[in-house]
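S.K.: Below: one structure in structure tokens.
The values are calculated or read from the model by the stated rules, or taken from the named source; none is laboratory data. What you are looking at is a predicted structure, and each value in this text was computed from that prediction instead of being measured. Methodologically, a virtual Cβ is constructed for each residue, glycine included, from the backbone with ideal geometry; neighbour enumeration extends over all protein chains shown.
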Amino acid sequence: MDYYSILGVPKDASDKDLKSAYKKASMQHHPDRGGNEETFKQINEAYSTLKDPHKRGMYDHQQNGGGQPRMNANSFEQNFGAGFEDIFSSMFGGNPHMQQRRQRRNRDIQLHYKLNLEDCFTGKMLNLQYTLPSGRQEQVEVRIPAGVQSGDNVRIDGWGDDSIPNIPRGNLLVNISVMKSKGWDVHGLDLLYSVNVSVIDLILGCHVIINSPERKMVNVKIPKGTNPETTFSINGYGLPDNRSGRRGSIFVKVKGVTPTVTDEILEHQIKALKEKIEK
């Protein structure tokens, strides 16, 4: 399986390129959007491997058909697995520190959740119900933090598969897809919005009040003589980043609209304005 081809990136892709490609592919092939579930699993598997420098290095080495890499204790365990360690332990009593470090656990379980754009600002508490591979029903409360983005996984330790006894449970991974809000587009941490403004207001200047997804009223000043399709930025009103703490921006594009004039007095006033502008 070629992980780079699955994500559609070159082999020298940066971490930023990988994340961007993963978000695009996961949104395109998400089962909730009509995508193929097997393809979606491959996309997650590819990104999980390539985003980890160690896993990516091992994968690249295997794909290149090179000789066996020089092994330290960690790489030896990764290649030969816990089975060799069990034999070693049974013969010599084992190393308790190594056993603790290499303790196996059950598989992780991944769920998918569609989050409203508005909840990205405040976070949300979920009460999730899901079925374990054993068929047993499980229920857990999950706090989705503010600042999550599409493609992010919220991990809840110890709430995954428990099929194999005597080893720890896997983890629960909640994969987030941020839904569009009416009129708003999301690009990373930035929000894009289009607003219709009368060409008269574009000529004379005006103020436009926008109700943001954060439920805040944003005042956008439109200067005199603004051209249609002009975009204004309002810094610090975009989505929050729970990693860096910074905020994105809101970009507002104004679209000129020609008003319908039915009042004769208003029509004369507009003509007079036109003549004044043309002088």
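S.K.: Looking at I167, I176, I209, can you tell me which residue is closer than 27 Å to L128 by Cα, of a type in the set (A, V, I, L, M) and surrounded by fewer than 14 Cβ atoms within 10 Å (Cβ to Cβ)? If you could, list the steps in order and put the result at the bottom.
M.R.: On the way: I176 fails: surrounded by fewer than 14 Cβ atoms within 10 Å (Cβ to Cβ); I209 fails: closer than 27 Å to L128 by Cα.
Step by step, each of I167, I176, I209 is checked, and only I167 is closer than 27 Å to L128 by Cα, of a type in the set (A, V, I, L, M) and surrounded by fewer than 14 Cβ atoms within 10 Å (Cβ to Cβ).
S.K.: Then there's this: Which members of region 219-240 meet the condition of being under 20 Å from G147 (Cα atoms) and not small (G, A, S)?
M.R.: Of everything in region 219-240, those that are under 20 Å from G147 (Cα atoms) and not small (G, A, S) turn out to be I234, N235, Y237, L239, P240.
S.K.: Okay, next question. Restricting to region 180-191, and then to whatever is closer than 25 Å to S48 by Cα and surrounded by 13 or more Cβ atoms within 10 Å (Cβ to Cβ), can you tell me which residue is modelled with the lowest pLDDT?
M.R.: Of the residues in region 180-191, the ones closer than 25 Å to S48 by Cα are 186-189.
Now narrow it down to the ones that are surrounded by 13 or more Cβ atoms within 10 Å (Cβ to Cβ): 186, 188-189.
On the way: V186: 85, G188: 80, L189: 84.
In this case the residue turns out to be G188.
S.K.: Suppose we filter region 179-211 for residues that are part of a helix (DSSP H, G or I) and free of Cβ contacts under 8 Å to residues at least 24 places away in the same chain; how many remain?
M.R.: 2
S.K.: Would region 238-261 turn up any residue that is over 30 Å from N153 (Cβ atoms) and surrounded by fewer than 11 Cβ atoms within 10 Å (Cβ to Cβ)? Explain how you work it out, then say what you get.
M.R.: Of the residues in region 238-261, the ones over 30 Å from N153 (Cβ atoms) are 252-261.
Narrowing further to those that are surrounded by fewer than 11 Cβ atoms within 10 Å (Cβ to Cβ): 258, 260.
Yes; the residues of region 238-261 include at least one that is over 30 Å from N153 (Cβ atoms) and surrounded by fewer than 11 Cβ atoms within 10 Å (Cβ to Cβ).
S.K.: Which ones in region 123-161 are of a type in the set (D, E) and more than 25 Å from Y47 (Cβ to Cβ)?
M.R.: Going through region 123-161, the residues of a type in the set (D, E) turn out to be 138, 141, 152, 157, 161.
Listed by number, the residues that qualify are E138, E141.
S.K.: Residues that are free of Cβ contacts under 8 Å to residues at least 12 places away in the same chain and either surrounded by 11 or more Cβ atoms within 10 Å (Cβ to Cβ) or in contact with a helix residue (DSSP H, G or I) (Cβ under 6 Å, 6 or more places away or on another chain) (or both), at least 3 per element: which helices (runs of 4 or more DSSP H) completely within region 1-66 meet that?
M.R.: Values: elements: 3-7, 15-28, 37-50, 53-63.
The qualifying helices (runs of 4 or more DSSP H) are 15-28, 37-50, 53-63.
S.K.: In this structure, does E229 turn out to be without any contact (Cβ under 8 Å) to a residue 40 or more places away in the chain and touching a Lys or Arg at 6+ places or on another chain (Cβ under 7 Å)? Break it down stepwise before answering.
M.R.: Numbers: without any contact (Cβ under 8 Å) to a residue 40 or more places away in the chain: yes; touching a Lys or Arg at 6+ places or on another chain (Cβ under 7 Å): yes.
Criteria met by E229.
S.K.: Would you mention how many residues in region 190-209 are under 16 Å from V257 (Cβ atoms), within 29 Å of the chain's Cα centre (by Cα) and of a type outside the set (S, T, Y)?
M.R.: Going through region 190-209 one residue at a time, the tally reaches 1.
S.K.: Could you say which residue among E214, E267 is acidic (D, E) and assigned to a loop (DSSP other than H, G, I, E, B)? Reasoning before the result, please.
M.R.: On the way: E267 fails: assigned to a loop (DSSP other than H, G, I, E, B).
Result: E214 is the single residue among E214, E267 that is acidic (D, E) and assigned to a loop (DSSP other than H, G, I, E, B).
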